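Visitor: This is the structure, below, for whatever I ask next.
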Amino acid sequence: MLLEISIKNFAIIEHVSLNFENGMTILSGETGAGKSIIIDAMNLMLGARATTDVIRHGSAKAEIEGLFSLGNSRAVEQILAEQGIEVTEDLVIRREILQNGRSVSRVNGQMVNLSVLKQLGQYLVDIHGQHDQEELMRTAHHIGLLDSFGEEDFWRLKEDYQRIFDQYRSLRKRILEKQKNEQEHKARIEMLEYQIAEIEAAELSFGEEQQLHQERDKLLNHKQIADTLTNAHVLLDNEDFSSLNNLRSAMNELQSLEEFDPDYKVLSTSLTEAYYVVEDVTKRLGDVVDGLDFDGNRLLILESRLDLINSITKKYGGSVDDVLTYFEKISEEYNHLTGNDLSGDELEGQLKALEKELISLASQLSQARHDLATILEDIIRQELQELYMEKARFQVRFAKGKFSREGNELVEFYISTNPGEDFKPLVKVASGGELSRLMLAIKSAFARKEGKTAIVFDEVDTGVSGRVAQAIAQKIYKIGRYGQVLAISHLPQVIAIADHQYFIEKVSDDYKTVSQVRLLTKEERIEEIAKMLAGEKVTDAARHQAKELVEKG
């Protein structure tokens with residue numbers, strides 16, 4: 001709901017601040033006083049394009065600021081979340097139009113671009129003017145308006161359809177890209193196939209090269225290694241001179257002296273530890289020496305393997321690890337170009353299964369929409385009867401269309417206003433009083449479903465009078481029962497029925513002209529309505545009639 005709007009230095013408005021309530025609020029005043037300027041400012045606040053012409057003469061900038069109460073608007077909350085704007089109970093939108101042609105927009109203090117304002121605006125305010133056809137006059141929006149009448153079961157069905165449609169579209173795109181890539185990148189694919197096959201055949205593993213070089217070096221230096229290990233073992237343990245035996249004898253001698261001095265015990269313990277370490281090393285050296293064997297065949301295998309690795313690394317990288325990294329890269333490219341994570345037959349099979357499911361869901365969605373259309377036609381027919389268009393008939397027509405996220409049908413609203421006349425597209429009906437009533441009937445039908453914070457009617461009652469004017473007044477008031485309606489009107493019947501009335505007047509002196517706005521009391525409202533009924537010279541009869549209208553409203 002729109003709680004307040006503040007307008008500064010906009011056209012002939014110096015500073016105006018209006019507070020709004022639930023229900024129906026009227027903006028009245030003489031022609032040229034600035035009523036439509038307020039609506040223009042509201043449009044700019046919600047993302048309409050601006051020029052410097054709107055800035056009041058002599059001012060540096062124009063400023064419009066609106067305060068909204070969000071309620072439970074999940075769509076608005078989602079937009080705010082996407083922009084990183086904190087979601088609070090109130091929403092403040094501020095826009096400044098500068099003399100240099102730039103404009104600055106903020107939502108809850110954070111700067112945003114016009115596209116964000118427009119996204120928010122479509123969920124906050126619906127401004128409907130006499131000749132502004134709005135979304136009702138845009139055929140492409142009719143399907144969304146029809147769907148808005150759906151309940152939870154309908155929306156679950158539509159979400160299922162859209163989920164399968166998205167999967168189908170994504171997979172179809174993938175298959176087409178696969179086919180296109182296979183044609184356009186045939187040479188590249190063939191080269192990648194060769195490289196992948198060559199590297200795969202080498203059966204490389206990370207760190208392999210270093211291990212092979214180490215093993216080869218051991219075989220090439222086998223004699224030196226064997227001689228050295230044997231000599232070391234002999235020095236530790238042989239028949240003529242055994243270092244191990246000498247250590248054991250020294251250990252036994254020291255152990256016999258441990259009781260005489262703590263220092264002797266420390267020396268004995270250290271030597272004992274040294275003995276057992278040398279004993280273990282001696283045993284392990286013996287095992288190694290006994291197991292030493294030169295394998296000439298193994299050396300030939302290693303040399304051959306290293307030659308292959310050297311050949312591969314020269315072609316694809318500086319080391320085995322580099323080659324394997326390159327292999328991962330070209331495998332990813334190959335799969336992207338060919339879609340090779342699944343075969344063409346598998347992809348086609350998946351696509352056919354999705355297509356079958358998509359057709360089934362589209363058929364169910366179509367039937368559900370036809371059921372909604374029957375309900376909507378009946379509701380709007382009743383609305384039109386209340387507006388003295390008893391003979392008018394409203395119809396939702398369907399036509400086959402291409403598959404899209406909305407289904408595989410086109411939806412358009414048709415109207416027949418007189419008996420014997422054919423149905424015509426809603427977008428081609430005549431303007432004037434008839435169009436005004438038609439728009440109000442449809443607005444009334446959709447008011448509870450659209451989820452708009454406020455609906456603004458800018459002189460939609462032009463060209464009607466008498467009982468039709470009274471019917472229009474009732475209809476606008478009825479729409480206000482579902483939320484909030486702001487209306488500019490010159491009809492006494494419409495003004496009288498409103499919950500609140502702002503009077504806008506133009507005030508001039510020798511230096512400037514400004515628009516001023518004030519909230520009227522009940523007595524002031526009666527006087528203004530009496531002027532509309534009788535002209536400048538207000539009679540008691542006019543006042544009495546005005547009072548009756550207000551009290552009846």
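Visitor: Which of the residues belonging to segment 76-91 are free of Cβ contacts under 8 Å to residues at least 40 places away in the same chain and acidic (Asp, Glu)?
Guide: Across segment 76-91, the qualifying residues are Glu77, Glu82, Glu86, Glu89.
Visitor: Would you be able to say whether some residue in segment 366-378 is among the charged types (D, E, K, R) and more than 21 Å from Pro425 (Cα to Cα)?
Guide: No, the conditions are met nowhere in segment 366-378.
Visitor: Output the number of residues of segment 225-240 satisfying the condition of being closer than 20 Å to Asp280 by Cβ, loosely packed, with under 13 Cβ neighbours inside 10 Å and either under 60 Å from the mean Cα position of the chain (by Cα) or not hydroxyl-bearing (Ser, Thr, Tyr) (or both).
Guide: The total comes to 2.
Visitor: Find all pairs meeting these conditions: Cβ atoms under 8 angstrom apart; at least six residues apart or on different chains; first residue within segment 386-407 and farther than 30 Å from Gly466 by Cβ and without any contact (Cβ under 8 Å) to a residue 12 or more places away in the chain; second residue open to solvent by less than 50 Å² (accessible area, probe 1.4 Å) and among the acidic types (Asp, Glu).
Guide: Lys400/Glu409; Gly401/Glu409
Visitor: Among the residues of segment 137-162 satisfying the criterion of being basic (Lys, Arg) and surrounded by fewer than 14 Cβ atoms within 10 Å (Cβ to Cβ), which is nearest to the chain's Cα centre (by Cα)?
Guide: Across segment 137-162, the extreme among qualifying residues is Arg156.
Visitor: Can you pull out every residue in segment 258-270 that is at pLDDT below 85 and open to solvent by less than 70 Å² (accessible area, probe 1.4 Å)?
Guide: Glu258, Asp261, Ser268
Visitor: Quick one: in segment 131-157, of everything that is over 15 Å from Lys428 (Cα atoms) and part of a loop (DSSP other than H, G, I, E, B), which residue is modelled with the lowest pLDDT?
Guide: At the first step, the residues of segment 131-157 found to be over 15 Å from Lys428 (Cα atoms) are 141, 143-157.
From the residues that got through so far, the ones that are part of a loop (DSSP other than H, G, I, E, B) too are 148-151.
Details: Ser148: 80, Phe149: 83, Gly150: 86, Glu151: 84.
Here the answer is Ser148.
Visitor: Please specify each residue of segment 45-62 satisfying the condition of being open to solvent by less than 70 Å² (accessible area, probe 1.4 Å) and farther than 17 Å from Asn19 by Cα.
Guide: Leu46, Gly47, Ala48, Ala50, Thr52, Val54, Ile55, Arg56, Ser59, Lys61, Ala62 - these are the residues of segment 45-62 that are open to solvent by less than 70 Å² (accessible area, probe 1.4 Å) and farther than 17 Å from Asn19 by Cα.
Visitor: Let me ask another. Please work out which residue is surrounded by the most Cβ atoms within 10 Å (Cβ to Cβ), limiting yourself to segment 295-321 and to residues that are outside any helix (DSSP H, G or I) and free of Cβ contacts under 8 Å to residues at least 24 places away in the same chain.
Guide: Gly317
Visitor: Let me ask something additional. Please report, ordered by residue number, the helices (runs of 4 or more DSSP H) entirely within segment 158-246 with at least 2 residues that are under 27 Å from Tyr316 (Cβ atoms) and touching a Phe, Trp or Tyr at 6+ places or on another chain (Cβ under 6 Å).
Guide: By residue number, 186-202.
Visitor: Taking interchain pairs and intrachain pairs at least six residues apart, which have beta carbon atoms under 6 angstrom, with the first residue in segment 191-202 and under 14 Å from Thr338 (Cα atoms) and the second of a type outside the set (Ser, Thr, Tyr) and open to solvent by 80 Å² or more (accessible area, probe 1.4 Å)?
Guide: As it stands, the answer is none, since no pair meets every condition given.
Visitor: Then there is this: Identify the residue in segment 163-204 that is polar (S, T, N, Q) and modelled with pLDDT of 85 or more and, among all such residues, is surrounded by the most Cβ atoms within 10 Å (Cβ to Cβ).
Guide: Looking at residues that are polar (S, T, N, Q) and modelled with pLDDT of 85 or more, I get Gln195.
Visitor: Among the residues of segment 524-545, are any within 20 Å of Ile12 (Cβ to Cβ) and small (Gly, Ala, Ser)?
Guide: Among the residues of segment 524-545, not one is within 20 Å of Ile12 (Cβ to Cβ) and small (Gly, Ala, Ser), which makes the answer no.
Visitor: Confirm whether Glu253 is modelled with pLDDT under 85 and surrounded by 12 or more Cβ atoms within 10 Å (Cβ to Cβ).
Guide: no
Visitor: Scan segment 371-393 residue by residue and report those that are open to solvent by less than 70 Å² (accessible area, probe 1.4 Å) and either at pLDDT 90 or above or part of a helix (DSSP H, G or I) (or both).
Guide: Leu372, Ala373, Leu376, Glu377, Asp378, Ile379, Ile380, Glu383, Leu384
Visitor: Being open to solvent by 50 Å² or more (accessible area, probe 1.4 Å), within 21 Å of the chain's Cα centre (by Cα) and either more than 19 Å from Leu2 (Cβ to Cβ) or at pLDDT 90 or above (or both) is the filter here; which residues of segment 80-104 pass it?
Guide: Answer for segment 80-104, where residues must be open to solvent by 50 Å² or more (accessible area, probe 1.4 Å), within 21 Å of the chain's Cα centre (by Cα) and either more than 19 Å from Leu2 (Cβ to Cβ) or at pLDDT 90 or above (or both): Ala81, Glu82, Gln83, Gly84, Glu86.
Visitor: Quick check on my filter: what residues within segment 466-491 are closer than 18 Å to Glu21 by Cα and charged (D, E, K, R)?
Guide: Lys478, Arg481
Visitor: For Gly420, only one of the following conditions fails: (1) in a strand (DSSP E or B); (2) more than 17 Å from Ala368 (Cα to Cα). What is its number?
Guide: Result: Gly420 passes all but (1).
Visitor: Here are some residues: Glu355, Glu346, Glu328. Which one is acidic (Asp, Glu), modelled with pLDDT under 85 and surrounded by fewer than 16 Cβ atoms within 10 Å (Cβ to Cβ)?
Guide: That would be Glu346, the only listed residue that is acidic (Asp, Glu), modelled with pLDDT under 85 and surrounded by fewer than 16 Cβ atoms within 10 Å (Cβ to Cβ).
Visitor: Among residues belonging to segment 396-419 that are among the hydroxyl-bearing types (Ser, Thr, Tyr) and surrounded by 17 or more Cβ atoms within 10 Å (Cβ to Cβ), point out the one that is nearest to His141 (Cα to Cα).
Guide: Taking the candidates together, the pick is Tyr414.
Visitor: What are the pairs, 6+ residues apart or on separate chains, where a residue within segment 136-152 that is touching a residue at least 60 places away in the same chain (Cβ under 8 Å) has its Cβ under 9 Å from a residue that is open to solvent by 20 Å² or more (accessible area, probe 1.4 Å) and among the β-branched types (Val, Ile, Thr)?
Guide: Matching pairs, first to second residue: Leu136/Val427; Met137/Val427; Arg138/Val427; Thr139/Val427; Phe149/Ile375; Phe149/Ile379.
Visitor: Turning to a different aspect of this structure: Among the candidates Ser73, Ser28, Ser36, single out the residue that is touching a residue at least 60 places away in the same chain (Cβ under 8 Å), surrounded by 14 or more Cβ atoms within 10 Å (Cβ to Cβ) and either touching a Lys or Arg at 6+ places or on another chain (Cβ under 6 Å) or more than 19 Å from Ser489 (Cα to Cα) (or both).
Guide: Ser73
The values are calculated or read from the model by the stated rules, or taken from the named source; none is laboratory data. Here the structure is a predicted model, which means the values were calculated and not measured. Please note: Cβ atoms are built from the backbone with ideal geometry, for glycine as well, and neighbour counts cover all protein chains shown. Ligands, DNA and RNA are excluded from the accessible area calculation, which covers all protein heavy atoms including side chains. Shrake-Rupley method; radii C 1.70, N 1.55, O 1.52, S 1.80 Å.
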